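The values are calculated or read from the model by the stated rules, or taken from the named source; none is laboratory data. Keep in mind it's a predicted model, so treat the numbers as computed, not measured. Here the Cβ is made from the backbone with ideal geometry for all residues, glycine too, and neighbour counts use every protein chain on show. Note: areas computed on protein heavy atoms with side chains; ligands, DNA, RNA excluded. Shrake-Rupley method; radii C 1.70, N 1.55, O 1.52, S 1.80 Å.
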Amino acid sequence: MATPMSASRFIGALKDEGLTVVEVGDWRTHNRNHVGPWGPVHGVMIHHTVTKGTASTVRICRDGYAGLPGPLCHGVIDKRGRVHLVGYGRANHAGSGDDDVLRAVIAETALPPDNEANTDGNRHFYGFECENLGDGKDPWPAVQVEAMEAAAAAVCRVHKWNAPSVIGHLEWQPGKIDPRGVSMASLRRRIDERLS
């Protein structure tokens, strides 16, 4: 259980991890805090965007779309490995998920199957959307996967979390498949190595 870090600490943590960070507009105050609390935070969630093209991807993740207002995450990781900060605070990225999964994330134990959606994930997770069509064919450049690893590790390092605090959307909410094409087990191994 942790209080969310400040926006300044967040961007500093990402840069300290060696990431190239792009600040998008008023990202530090762009959030959905008016609809519910953000925090306590317990982990990091990784997504794919189902979009193509960095400019349009960042715009959608910042602004949202009909029925789902932005921001849709905290950072967008493009195919060049840059992290575009689009919001900070509560973001529409996790949706409702499994309370058993949340308990496992908090305890940093093996994840159970996600078989229900009864818990507000937007309150409890940092979210990174990763530019990819999510069709199983769109490639994941090595530099992008490395940035995913580094971004998640940056958040974990500040909160003194370990790799089991990082999950994919598919591990949280029944029916989700993202990040399709990236093994979360492999990504957590990489994060673990980076943190050690």
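Being part of a strand (DSSP E or B) and not small (Gly, Ala, Ser) is the filter here; which residues of segment 40-51 pass it? The answer is VAL41, VAL44, MET45, ILE46, HIS47, HIS48. Checking each residue in segment 52-79 for being more than 21 Å from ASP135 (Cα to Cα), in a loop (DSSP other than H, G, I, E, B) and out of contact with any helix residue (DSSP H, G or I) (no Cβ under 7 Å at 6 or more places or on another chain) picks out ALA66, GLY67, HIS74. A Cβ distance below 6 Å, combined with a sequence gap of six or more or placement on separate chains, defines the contacts here; from segment 135-149, residues that are in a helix (DSSP H, G or I) and modelled with pLDDT of 95 or more reach residues that are buried (at least 17 other Cβ atoms within 10 Å of the Cβ) and charged (D, E, K, R) in the pairs GLN144/LYS79; GLU149/ARG190.
Taken over segment 80-128, the residue count meeting the criterion of being assigned to a loop (DSSP other than H, G, I, E, B) and either touching a Phe, Trp or Tyr at 6+ places or on another chain (Cβ under 9 Å) or not charged (D, E, K, R) (or both) is 26. Look at segment 173-196: where a residue is within 21 Å of LYS79 (Cα to Cα) and open to solvent by 40 Å² or more (accessible area, probe 1.4 Å) and a partner is aliphatic (A, V, I, L, M) and assigned to a helix (DSSP H, G or I), sitting 6+ places away or on another chain with Cβ atoms under 6 Å, you get ILE177/LEU170; ARG188/ALA163; ARG194/ALA153.
Go through segment 51-71 residue by residue and tally those that are within 18 Å of VAL145 (Cβ to Cβ), of a type in the set (Val, Ile, Thr) and open to solvent by 10 Å² or more (accessible area, probe 1.4 Å).
Start the filter on segment 51-71 by keeping residues that are within 18 Å of VAL145 (Cβ to Cβ), which leaves 51-52, 54, 57.
Now restrict to residues that are of a type in the set (Val, Ile, Thr): 51, 54, 57.
Okay, now just the ones that are also open to solvent by 10 Å² or more (accessible area, probe 1.4 Å), so 51, 54.
Residues flagged as within 18 Å of VAL145 (Cβ to Cβ), of a type in the set (Val, Ile, Thr) and open to solvent by 10 Å² or more (accessible area, probe 1.4 Å) within segment 51-71 amount to 2.
Every residue, every condition in (1) within 27 Å of VAL24 (Cβ to Cβ); (2) surrounded by fewer than 16 Cβ atoms within 10 Å (Cβ to Cβ); (3) in contact with a Pro (Cβ under 7 Å, 6 or more places away or on another chain); (4) not aliphatic (A, V, I, L, M), yes or no:
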{"position": "CYS73", "(1), (2), (3), (4)": "yes, no, no, yes"}
{"position": "VAL76", "(1), (2), (3), (4)": "yes, no, no, no"}
{"position": "LEU85", "(1), (2), (3), (4)": "yes, no, no, no"}
{"position": "HIS93", "(1), (2), (3), (4)": "yes, no, no, yes"}
{"position": "ASP98", "(1), (2), (3), (4)": "no, no, no, yes"}
{"position": "ILE106", "(1), (2), (3), (4)": "no, no, no, no"}
{"position": "ASN118", "(1), (2), (3), (4)": "no, yes, no, yes"}
{"position": "GLY121", "(1), (2), (3), (4)": "yes, no, no, yes"}
{"position": "PHE125", "(1), (2), (3), (4)": "yes, no, no, yes"}
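What about VAL21, is it in contact (Cβ under 8 Å) with a residue 12 or more places away in the chain and within 27 Å of LYS137 (Cβ to Cβ)? Taking the combined requirement at face value, the residue does not satisfy it. Out of everything in segment 9-30 that is closer than 17 Å to SER56 by Cα and assigned to a loop (DSSP other than H, G, I, E, B), what residue ends up being least open to solvent (accessible area, probe 1.4 Å)? Ranking the candidates gives TRP27 first.
Before we move on, is PRO37 on the phi < 0 side of the Ramachandran plot and either surrounded by fewer than 22 Cβ atoms within 10 Å (Cβ to Cβ) or not in a loop (DSSP other than H, G, I, E, B) (or both)? Criteria met by PRO37. Do we find that ASP178 is over 20 Å from PHE10 (Cα atoms), in a loop (DSSP other than H, G, I, E, B) and either among the charged types (D, E, K, R) or touching a strand residue (DSSP E or B) at 6+ places or on another chain (Cβ under 9 Å) (or both) in this structure? Against the criterion (over 20 Å from PHE10 (Cα atoms), in a loop (DSSP other than H, G, I, E, B) and either among the charged types (D, E, K, R) or touching a strand residue (DSSP E or B) at 6+ places or on another chain (Cβ under 9 Å) (or both)), ASP178 qualifies.
What about PRO139, is it touching a helix residue (DSSP H, G or I) at 6+ places or on another chain (Cβ under 9 Å) and open to solvent by 60 Å² or more (accessible area, probe 1.4 Å)? Break it down stepwise before answering.
On the way: touching a helix residue (DSSP H, G or I) at 6+ places or on another chain (Cβ under 9 Å): no; open to solvent by 60 Å² or more (accessible area, probe 1.4 Å): yes.
No; evaluated as a whole, the condition is false for this residue.
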